[in-house]
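Worksheet: one structure, shown below.
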There are 2 protein chains.
Amino acid sequence: MIATFAALSEPSRFRIVELLRAGPCTVNVIGERLGLQQPQVSKHLKVLKDVGLVDVEPRATQRFYELRGEPLRELHAWLEDYRALWDERFDAIDEVLEGMKTKEKAHGRKQKK
Amino acid sequence: MIATFAALSEPSRFRIVELLRAGPCTVNVIGERLGLQQPQVSKHLKVLKDVGLVDVEPRATQRFYELRGEPLRELHAWLEDYRALWDERFDAIDEVLEGMKTKEKAHGRKQKK
DNA sequence: GGGGAATATTCCTGTCAAGGAATGTTGTGG
DNA sequence: CCACAACATTCCTTGACAGGAATATTCCCC
């Protein structure tokens, strides 16, 4: 997951990912659209591929890079654990947990608050 | 957003965030629990604060660092746009889009495939 | 108000990664 | 088989950043 963060923390790479959201793309096309030179694009794609954010499908002399959802799904799942920090709908859960804690303590000994 | 990625791409910082999920915490306590020296903890916290991932509340001589949800919420929202990549429930949308594309092409001229 | 706890900041060093330029590789069409 | 097109890979240089040690700051308490 940290590797995914590192990969996406690079502006050019982030833009590549956003570009690939529209569908598979070729190295040169990526370079044209983002104003990057071909070698840099290849290097960035290599990084993205190493962390599984991208997949390659060779076709003749050119290679189509395609976005892979798995790492993004992993990030999404991780963020779910923090949802209570911003989603007020999760306040109810907080209350439930608070209630459970109180109950547990009351069981063991006494209630603190 | 990229700044958030960069902040979270550092292992110690990532662990600090995960630790703060349990609630606000003090610099020294963070250092103890994660086996980090105080100066490094302060530095990491500064980075986290600069990107808004953390907030400080001074209390006497010590400072309680608290996790802020906003950047995480932003990440979560960004990932929603990619959900179709892994969530099969979104396949329906793909079909709709595919249909629209076909229709559009048929309108303009002819259909390629 | 002086000393110590809690934290912040600085300086230094080594490492690592991005960009640029050049070169290597591979596949394809003629 | 050759020349070119599409990529990949080096080499080099430079800048950013993390860790460590030392020092500076801030604030409470006696």
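Any read-out appearing in this document is the output of simple, stated calculations on the displayed coordinates, not a laboratory observation. The structure displayed is predicted, hence computed values, not measured ones. All Cβ positions, even for glycine, are placed from backbone atoms using ideal geometry, and neighbour counts span all protein chains on display.
Points to keep in mind about this one:
- Shielding of peptide A:75-87 by partners, expressed as the average count of other chain Cβ atoms within 10 Å per residue Cβ, is 6.
- Inter-copy spacing of residue B:47 label points, which lie 7 Å from Cα along Cα→Cβ, given in nm from shortest upward: 1.5
- Taking one quarter of the surface of the C-alpha convex hull of segment B:2-71 gives a mean projected area of 4.2 nm².
- Sorted from shortest to longest, the distances between the residue B:66 label points of this copy and the other copies are 4.7 nm, with each point 7 Å from Cα along the line through the beta carbon.
- With the label put 7 angstrom out from Cα along the Cα-to-Cβ vector, residue A:24 ends up 5.3 nm from the copy partners, going from closest to farthest.
- Estimated FRET transfer efficiency when R0 is 35 angstrom, pair residue B:56-residue A:47 (beta carbons, to 0.05): 0.55
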